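Novice: The structure follows.
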Amino acid sequence: MRKILIADDHSLFSSGMSALFVRAGYEVVGTVEKGNDVLYEVITHHPDILILDLNLPKKNGLEVLKEVRAYSRDLIILVVTMYNDRTLINSVRREGANGYFLKNSNQTELLEASARLKPDEFMVSVTVENSNSADPSDLVEDEFDRLIKLTVREKEILKLLVQGLSSKEIGEYLEISPSTVDTHRKNMLKKLSFNKVSELVSYAFRNNLV
């Protein structure tokens, strides 16, 4: 019997997924709500398949995907998310996922993918392929959408801004010029649609970046 681990912070969705896979003859070895717990559960339970949401608390799904894939090359990782976004699809494929499905994808399609996908294969749900993303709700950004737009360097600078360091001090710490720090700060404000550094600081605290 193949084993499934489900990582999603919505208990109703996890319960539905669990019931679906149990009826299909799988063993659900656990459900996880926090991103920073997923790798531990993978190591503990040795699932054959991981159902992974992207918008997880404590550690987002892209980060989880990267560390889980580094641990296991054979685990089948299926991303099941509400985000119909081509950039995200490319990102999860690059990080080693085997499939990308929307939460309103056909259940049969998800079960078939779970049964047939091999570690070196990748598929995208028909629901994604048939969508033209014309729904205005697809254009609404939330905290997760914004978070993934920040580069590693921008996140480093943001953490230092939270500590109250000046551009000069941050530049010295990271061995870059103060003007480069200022450019990164302006880019972050633009990406996140903020006007003040205080908004960046609040954002950092909300998303556990400090």
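Novice: Quick one: which residues, 5+ away or cross-chain, put their amide H under 5 Å from the amide H of S177? H built at 1.01 Å from N.
Specialist: Under 5 Å from the amide H of S177 lies no amide H from a residue far enough along the sequence or on another chain.
Novice: Related question: List the relative contact order of the stretch 1-92 as a percent without decimals, with contacts defined as Cα pairs under 8 Å and 6+ residues apart. Present the calculation step by step, with values, prior to reporting the outcome.
Specialist: Numbers: 146 pairs, mean separation 26.8, N = 92.
Relative contact order for the stretch 1-92 comes out at 29 percent.
Novice: Further, regarding this structure: Mind checking which of P57, L158, L117 is farthest towards the positive end of the chain's charge dipole, using Cβ charges of +1 (Lys, Arg) and -1 (Asp, Glu) about the Cα centre?
Specialist: L158
Novice: For F194, F205, F101, give the ranking by accessible area with the largest first, probe 1.4 Å.
Specialist: On the way: F194 30, F205 125, F101 0 Å².
Largest accessible area first, the list is F205, F194, F101.
Novice: Work out the length of the dipole vector of the chain about its Cα centre, built from +1 on the beta-carbon of each Lys and Arg and -1 on the beta-carbon of each Asp and Glu, and round it to the nearest 20 debye.
Specialist: Details: 27 positive and 31 negative charges, 75 e Å.
Charge dipole, the chain, about its Cα centre: 360 debye, nearest 20.
Novice: Here is a further query. Of all alpha-carbon pairs in the stretch 68-132, indicate the percentage at a distance above 20 angstrom.
Specialist: 22
Novice: Assuming R0 = 35 Å, what is the FRET efficiency of R116 and V152, from their Cβ-Cβ distance, to the nearest 0.05?
Specialist: Values: r = 35 Å, r/R0 = 1.01.
For R0 = 35 Å, the calculated efficiency reads 0.50.
Novice: Continuing with the same structure: Taking the Cβ of Y71 as the centre, find all other residues whose Cβ is under 15 Å away and add up their charges (Lys, Arg: +1; Asp, Glu: -1).
Specialist: Charge balance near Y71 sits at -3.
Novice: Label points 7 Å out from Cα along the Cβ direction at S179 and K103: separation in nm?
Specialist: If labels sit at S179 and K103, their model points lie 4.6 nm apart.
Novice: Using the alpha-carbon centroid of each, what span in Å lies between the stretch 172-188 and the stretch 71-124?
Specialist: 36
Novice: Against the longest principal axis of the chain, how steep is helix 61-71, in degrees 0 to 90 to the nearest 10, with axes from Cα atoms?
Specialist: That helix lies at roughly 70 degrees to the long axis.
Novice: I've got another one for you. Can you give me the Rg/Rh ratio for the stretch 1-134, using Cα atoms for both radii and the Kirkwood formula for Rh?
Specialist: Values: Rg = 13.3 Å, Rh = 14.5 Å.
Across the stretch 1-134, the Cα-based Rg/Rh ratio is 0.92.
Novice: Using only Cα atoms, tell me the angle between helix 197-206 and the longest principal axis of the chain; keep it within 0 to 90° and round to the nearest 10.
Specialist: Roughly 30 degrees between the two axes.
Novice: Contour minus end-to-end for E27 and K186, with contour as 0.36 nm per residue of separation and end-to-end as the Cα-Cα distance? Numbers along the way, then the final one.
Specialist: On the way: separation 159, 0.36 × 159 = 57.24 nm, distance 4.91 nm.
Length gained between E27 and K186: 52.3 nm.
Novice: Shifting gears a bit: Measure off 7 Å from each Cα along the Cα-to-Cβ vector at V126 and K66, then give the distance between these two points in nanometres to one decimal.
Specialist: 3.5
Novice: Per residue, how large is the accessible surface of the stretch 1-80? Use a 1.4 angstrom probe and give square angstrom.
Specialist: On the way: 3650 Å² over 80 residues.
Roughly 46 Å² per residue, with all protein chains present.
Novice: Still on this structure, please answer the following. For K159, which lysines qualify as cross-link partners when the Cα separation must be under 26 Å and same-chain residues fewer than eight apart are set aside?
Specialist: Filter leaves K34, K58, K59, K66, K149, K168, K186, K190, K191, K196.
Novice: Residues with beta-carbon under 14 Å from that of A19, excluding A19: net charge, scoring Lys, Arg +1 and Asp, Glu -1?
Specialist: Working: positive: R23; negative: D8, E27.
In short, -1.
Novice: Oh, and also: Place +1 on the Cβ of every Lys and Arg and -1 on the Cβ of every Asp and Glu in the chain, take the dipole about the Cα centre, and give the residue among T81, Y203, S167 whose Cα lies farthest towards its positive end.
Specialist: Comparing the listed Cα positions along the dipole, S167 ranks first.
The values are calculated or read from the model by the stated rules, or taken from the named source; none is laboratory data. As the structure is a computational prediction, the values presented were derived from the model and not from experiment. In this analysis, Cβ positions are derived from the backbone assuming ideal geometry, glycine residues included, and neighbour counts consider all displayed protein chains. Side chains included, ligands, DNA and RNA excluded: accessible areas come from the protein's heavy atoms. Shrake-Rupley method; radii C 1.70, N 1.55, O 1.52, S 1.80 Å.
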